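The values are calculated or read from the model by the stated rules, or taken from the named source; none is laboratory data. Not measured: the values here are computed from a predicted model. Please note: Cβ atoms are built from the backbone with ideal geometry, for glycine as well, and neighbour counts cover all protein chains shown. Keep in mind that these areas ignore ligands, DNA and RNA; they rest on the heavy atoms of the full protein, side chains included. Shrake-Rupley method; radii C 1.70, N 1.55, O 1.52, S 1.80 Å.
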Amino acid sequence: MPEKIIPKKTPMREQPPKERIKNFNEVPYGYSPEEAIAEAKRCLQCKKAPCVAGCPVEIDIPGFIKFIAEGDFKSAIRLIKEKNVLPAVCGRVCPQETQCEQVCTLAKKYEPVAIGRLERFAADYEAAQGEAPIPELPPSTGKKVAVIGSGPGGLTVAGDLIRLGHSVTIFEALHKPGGVLVYGIPEFRLPKAIVYREVDYLIRCGVKLVLNFIVGKTATIDQLLKEFDAVYIGTGAGLPWFMNIPGENLNGVYSANEYLTRSNLMKAYLFPEYDTPIARGKRVAVVGGGNVAMDCARTALRLGAEEVHIVYRRSKQEMPARIEEIHHAEEEGVIFDWLTLPVRYIGDERGWVKEMECIKMQLGEPDASGRRKPIPIEGSNYITPVDTVICAIGQGPNPLIPQTTPDLKAGKWGNIEVDKATMKTSKPKCWAGGDVVRGGATVILAMGDARIAARSIDEYLRTGVW
Amino acid sequence: MVKILKKELLVPNIHFMVLESEVIHLNAKAGEFVVVRPDEYGERIPLNLVDWDEHSASVVFMEVGTSTRKLGCLKSGDTIADLAGPLGRPTEIVTGKKILAIGGCYGIGALYPVLRAFKESGNTVITAIEARSAFLLYWQERLKKYSDEFFEITRDGTRGFTGHIDKFLNWYLLKNSVDMVYAQGCAYLTYLVSQTTKPVGIKTVVGLNPIMIDATGMCGVCRVIINGETKFACVDGPEFDGHSVDWANLLTRRHIYINEERRSLSFYECEKYG
Ligand SMILES: Cc1cc2nc3c(=O)[nH]c(=O)nc-3n(C[C@H](O)[C@H](O)[C@H](O)COP(=O)(O)OP(=O)(O)OC[C@H]3O[C@@H](n4cnc5c(N)ncnc54)[C@H](O)[C@@H]3O)c2cc1C
Ligand SMILES: Cc1cc2nc3c(=O)[nH]c(=O)nc-3n(C[C@H](O)[C@H](O)[C@H](O)COP(=O)(O)OP(=O)(O)OC[C@H]3O[C@@H](n4cnc5c(N)ncnc54)[C@H](O)[C@@H]3O)c2cc1C
Ligand code: SF4
Ligand code: FES
C-alpha cells in the first residue's frame with residue numbers, strides 16, 4: 001500500500017516531437033527501474049482487483065506490479081507470461097485506457113496505474129538479460145498442428161501448443177513473420193526486433209516456420225489436413241476497403257495497407273537502400289479515425305510531409321484510435337479535420353491526385369455502433385489541394401481461405417464463423433480466431449481467441465472427440 | 001533462401017530461370033504467377049509461372065529495372081531471398097475452341113504453359129510471337145509443339161510477318177475466324193491486341209501486369225478497372241477480358257514510381273559498379 005496517493009502516472013520519457021518526426025525510432029523510451037518501482041508503488045493492491053477482469057487475458061496485474069515494486073523484475077515477467085506470451089508487444093500497443101486501466105480503482109479519482117508501461121518495462125527488462133531460456137518441454141504427443149498466419153494470434157497458438165508437447169508448423173504467406181505487428185504497425189510504435197525476438201523464441205522451442213506459403217493457393221486446408229491433425233486459421237483482416245468514390249484509382253491514392261506495407265515490411269522509408277519506393281507527399285490526407293489512420297499520418301510526417309490531415313467523419317470523441325496515439329499525432333503536428341467526409345478525388349493531367357472534395361458533417365442520433373451517426377451538411381462542400389491520400393477506413397477478413405475451403409462457414413463480411421467457447425469452425429479439425437473472425441480488432445483479443453483455441457485443440461488431440 | 005537450379009540468357013535482356021521449390025507444383029496451373037524477391041533489400045515482384053515440376057518452378061523475365069537487373073546478374077547455383085506461389089486465378093481453359101494465342105517479350109515465355117493447357121484440352125491453337133527483331137524471338141520449338149499454326153512477327157521484318165501485332169491481327173483475321181484471342185506480354189502489346197479485336201468483337205483474354213506488392217489481396221496497389229468496377233489483379237486476375245479494361249488507368253498506374261525506379265536503378269548500379 002502506498003503511504004500517500006500520487007495522483008498522476010510517473011511520466012515516461014520520450015523523443016521530443018520535433019526530433020522524432022525526422023526518424024523512425026521508437027517514440028517512448030520506457031521506464032528506468034527506478035521509475036518503474038515508483039509507478040508500481042502507486043498501485044493500491046486492491047483485494048478484488050478490477051483491473052484483472054479488465055484484461056482480456058486476465059493477467060495477475062496486482063501480482064506482477066507487487067513484484068516490480070519490490071524490485072523483483074524476474075518474478076514479475078514470469079507471472080505476466082503465465083497469461084500473456086507477447087508482453088513487450090501488448091505493453092506497447094494494447095488500448096489499456098479501455099481495458100485494465102479504465103477500471104483501475106485509482107482511475108475513479110486520479111490517473112490509473114500505468115499498467116501498460118509496467119508490463120512493457122518487465123518485458124524489456126527480461127529481453128535486456130539476453131536470450132530467454134527455453135522452458136522444459138513435455139515428451140512429444142506425436143500430434144501435428146498447422147497454424148495459418150503468424151500474427152499475434154498464430155504465434156500465441158503455436159506457443160501454447162508446443163509447450164503441451166504437440167508438433168507445430170506455422171504457415172505464413174509473406175516473407176516475414178509477425179502479421180500486422182510487422183507489416184502494419186510502424187517501427188516508431190513497435191520495433192520489429194521485438195516481434196522477431198518472440199518469433200525466434202518460438203523457433204528455439206521447436207516451432208517450425210514456413211514463410212512464402214499461401215494457404216488456399218500453395219496448398220489448400222484439405223491438403224494440409226492430410227498431413228496435420230488440426231489447423232488453426234489466424235489469417236487476419238487483410239482486405240483493404242475503399243470508399244468507392246470517384247478518383248480513388250488515381251496515382252497517389254493509397255490504401256492504408258499498401259502505404260504501411262511499403263514503409264514497414266518493405267522498408268521503403270530507407271529507399272533507395274531498399275528497393276521498394278513510396279510516395280513522399282507534401283500535403284497528405286489520411287481518411288479514417290482509428291489506429292491505422294494515426295499510423296499512416298505519423299508515417300507520412302516522417303517521410304517528409306509538410307502538412308498531414310486526418311479526415312474523419314465523426315468528432316474526436318468517437319475516434320476509435322488509442323488516446324495515446326491521438327495525443328502523439330497531435331503533438332507531432334497532424335491536423336485533424338473532424339466531421340469531414342471526402343466525396344471525390346480530382347486528378348491532374350498526368351493522372352495524379354491534386355485535390356480532394358470534402359463535405360462537412362454533423363452528428364445525428366446514435367447508430368447501431370452506439371456512436372452518433374454523421375449526417376452530411378448540404379452545400380458545405382469544399383475543395384482542398386492534396387498530393388497523397390491514404391484511405392484508412394478499415395479492412396475486412398482475407399478472402400483467400402473461405403474462397404478455397406467450401407465447407408468453411410463464413411459470414412456476410414467474409415469473417416469465419418466459430419463457436420466462441422472453443423473457436424471451432426464449421427469444418428472439423430479447423431479452429432479460427434483473431435481478426436479473421438472478428439474483423440479488425442486488437443492484438444490482445446486475437447491472443448485471447450488463440451488461447452481458447454489452443455485449449456480446445458489440445459483437448460481434441462488428446463481425446464479425439466470433435 | 002531459394003536456390004537457382006538453372007539460369008540461361010534466352011535473348012538479350014530476357015532470361016530463363018529455374019528455381020528450387022518443393023511446393024509450387026502442388027497446385028500450379030497455367031496462367032498463374034509467383035512472387036520473387038531477389039535479396040534482403042529487394043522488392044517483391046510478380047513473374048508468370050512458365051513451368052514446374054516436383055522440385056522446381058521456372059520463370060522467364062525481362063530486365064527492366066532494379067529487381068529484374070538483380071535477378072539478371074545471378075547464375076545457376078546462386079540463391080534469391082524468396083519465392084512464393086502459385087498466385088492469381090489460372091487461365092480459364094476452354095475446350096474445342098479455335099484460339100489465337102499471342103506473346104511478346106517475356107510473354108513469349110508466359111505463353112508456354114497456357115498453350116500446353118489449351119492444346120491438351122482439345123483446342124486448336126494458333127500461336128503468334130512478336131518482337132522488334134528476329135534476334136529477340138525465342139522458344140519457337142517449344143511453342144510449336146503445342147501449336148497447330150505458328151507465326152513469327154518482327155517489326156523490322158527480319159523474320160516472318162513484318163509489322164506490329166495490330167497489323168498482323170488485321171491481316172490474319174481478314175481471312176480466318178477464331179473463337180478467342182489470348183495475349184501475354186507488356187501492357188502495350190495486350191492493349192494493342194485488345195484495341196484491334198474489339199471492333200470485330202472477338203473475345204480477348206489478356207494477362208495484365210499492374211504493380212504488385214503482396215499479391216495476396218492485402219494492399220490493393222494492383223487495382224485495375226474492369227467494366228467500371230475496381231478489381232484486385234492479384235486475386236481477381238491477372239487475366240481479364242481485354243475489352244473491359246480501363247487501359248488509360250492501367251498505363252498511368254504502372255508509372256507511379258517511374259522517377260523512383262530510375263533513381264533506384266542508378267543507386268544499384270553505382271553500388272555494384274562504382
Ligand atoms: C496499422 C494498424 C495498427 C494497429 N494498431 C493496433 C494497436 O495499437 N493496438 C491493438 O491492439 N491493435 C492494433 N491493430 C489491430 C491488430 O494489429 C490486429 O487486431 C491483430 O494483429 C490481429 O491479429 P491476427 O493474429 O488475427 O492477424 P494478423 O496480425 O492480421 O496476421 C495474419 C497473418 O496471416 C497471414 N495470412 C493471411 N492469409 C494467409 C494465407 N492464406 N496463408 C498464410 N498466411 C496468411 C498474413 O500475411 C498475416 O501475417 C492495428 C492494426 C493495423 C492494421
Ligand atoms: C501478374 C504479373 C505477371 C508478370 N509476369 C512477368 C513475367 O513473366 N516476366 C517478366 O519479365 N515480367 C513480368 N511481369 C512484370 C514484372 O513484374 C515487372 O517487370 C517487374 O516488377 C519490374 O521490376 P523492376 O524492379 O525490374 O523494374 P521497375 O524498376 O519496377 O521498372 C522499371 C521500368 O520498367 C517499366 N516496366 C516495368 N515492368 C514492365 C513491363 N512488364 N513491360 C514494360 N515496361 C515495364 C516500369 O514502368 C519502369 O519504367 C509481370 C507482372 C505481373 C503483374
Ligand atoms: S485496480 Fe489499479 S490500483 Fe487496483 S490492483 Fe489493479 S492496478 Fe492496482
Ligand atoms: S498486390 Fe497487393 S492486393 Fe494485389
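Take the convex hull of the alpha carbons in the range B:91-206; its mean projected area over all directions comes to 6.2 nm². With r defined as the distance between the Cβ atoms of A:Lys373 and A:Thr98 and R0 fixed at 30 Å, what FRET efficiency is calculated, to the nearest 0.05? The value I calculate is 0.90. With Cβ to Cβ distances under 15 Å as the rule, what net charge do the other residues near B:Phe168 carry (K, R +1; D, E -1)? So the surrounding residues net to 0.
D by Stokes-Einstein for the range A:1-129, Kirkwood Rh over Cα pairs, 37 °C, 0.692 mPa s: 222 µm²/s.
Quote the Stokes-Einstein diffusion coefficient, in whole µm² s⁻¹, for the range B:151-274, based on the Kirkwood radius over alpha carbon pairs, a temperature of 20 °C and a viscosity of 1.002 mPa s. Using the Kirkwood radius from Cα pairs, D works out to 131 µm²/s.
Geometric descriptor of chain B, per residue, is 129 Å³ (volume of the convex hull of the Cα atoms).
Computing FRET efficiency as 1/(1 + (r/R0)^6) for B:Arg132 and A:Ile383, where r is the C-beta to C-beta distance and R0 is 35 Å, gives about 0.15. In summary, the range A:213-325 shows an alpha-carbon radius of gyration equal to 1.36 times the 2.2 N^0.38 Å reference for compact globular proteins. Cross-link pairs exceeding 23 Å between alpha carbons, from the set B:Lys97/B:Lys231; A:Lys41/A:Lys192; A:Lys41/A:Lys74: B:Lys97/B:Lys231; A:Lys41/A:Lys192. Neighbours of B:Ile93, meaning other residues whose beta-carbon lies under 9 angstrom from its beta-carbon, give a summed charge of -1 when Lys and Arg score +1 and Asp and Glu score -1.
Electrostatic bookkeeping for B:Leu26 treats Lys and Arg as +1 and Asp and Glu as -1; over the other residues with beta carbon under 13 Å from its beta carbon, the sum is -3. In the range A:271-288, comparing the full protein assembly with the chain on its own, the residues that lose 20 Å² or more of accessible surface at a 1.4 Å probe are A:Phe271, A:Pro272, A:Glu273, A:Tyr274, A:Asp275, A:Thr276, A:Pro277. The portion of the accessible surface of the range B:2-88 made up by carbon and sulfur, rounded to a whole percent, is 51 (1.4 Å probe; DNA, RNA and ligands excluded). Solvent-free Debye calculation, one equal scatterer per alpha-carbon of the range B:208-249: log10 I(q)/I(0) at 0.28 Å⁻¹ equals -0.96.
For the range B:65-154, the calculated P(r), taken from all Cα-Cα distances in 5 Å bins from zero up to the bin holding the longest distance, is 3, 12, 20, 17, 17, 15, 11, 5, 1 percent. With the simple model of a label 7 Å out from the Cα in the direction of the Cβ, B:Leu173 to B:Leu9 spans 3.8 nm.
For chain A, the per residue solvent-accessible surface stands at 41 Å², with DNA, RNA and ligands left out and a 1.4 Å probe.
Which percent of Cα pairs goes in each bin when the distances of the range A:307-365 are cut into 10 angstrom slices starting at zero? Taking all Cα pairs of the range A:307-365, the binned fractions are 20, 42, 29, 9, 0 percent.
Extension gain B:Arg263-B:Leu26, at 0.36 nm per residue separation less the Cα-Cα distance, in nm? Before the final figure, lay out each step's value.
Details: separation 237, 0.36 × 237 = 85.32 nm, distance 3.89 nm.
81.4 nm is the gain from fully extending B:Arg263 to B:Leu26.
Here the range A:283-407 has 52 percent of its accessible surface on carbon and sulfur atoms, given a 1.4 Å probe and all protein chains in place.
Both radii come from the Cα set of the range A:59-126: Rg as radius of gyration, Rh as Kirkwood radius; their ratio Rg/Rh reads 0.95. Over 32 Å between Cα atoms, which of A:Lys354/B:Lys167; B:Lys145/B:Lys175; A:Lys208/A:Lys282; A:Lys22/B:Lys7 qualify? Distance filter (> 32 Å) returns A:Lys354/B:Lys167; A:Lys208/A:Lys282; A:Lys22/B:Lys7. Only helical runs count toward this figure. For chain A, summing -39,500 (n - 2.57) over DSSP H runs of n ≥ 4 and dividing by all residues gives -8500 deg cm²/dmol at 222 nm.
For the range B:2-88, the pair-distance distribution built from all alpha carbon pairs, in bins 5 Å wide starting at 0, is 3, 16, 29, 29, 17, 6, 0 percent. About the centre of its Cα atoms, the range A:339-466 shows a dipole size close to 540 debye [charges on the beta carbon of Lys, Arg (+1) and Asp, Glu (-1) only; nearest 20 debye].
Using only side-chain charges placed at the Cβ, +1 for Lys and Arg and -1 for Asp and Glu, the dipole size of the range A:141-198 relative to its Cα centre rounds to 100 debye. Taking only the C-alpha atoms of the protein assembly as shown, Rg followed by Dmax gives 27.7, 99 Å. Placing +1 on the Cβ of every Lys and Arg and -1 on the Cβ of every Asp and Glu, with nothing else charged, gives the range A:147-279 a dipole about its Cα centre of roughly 220 debye.
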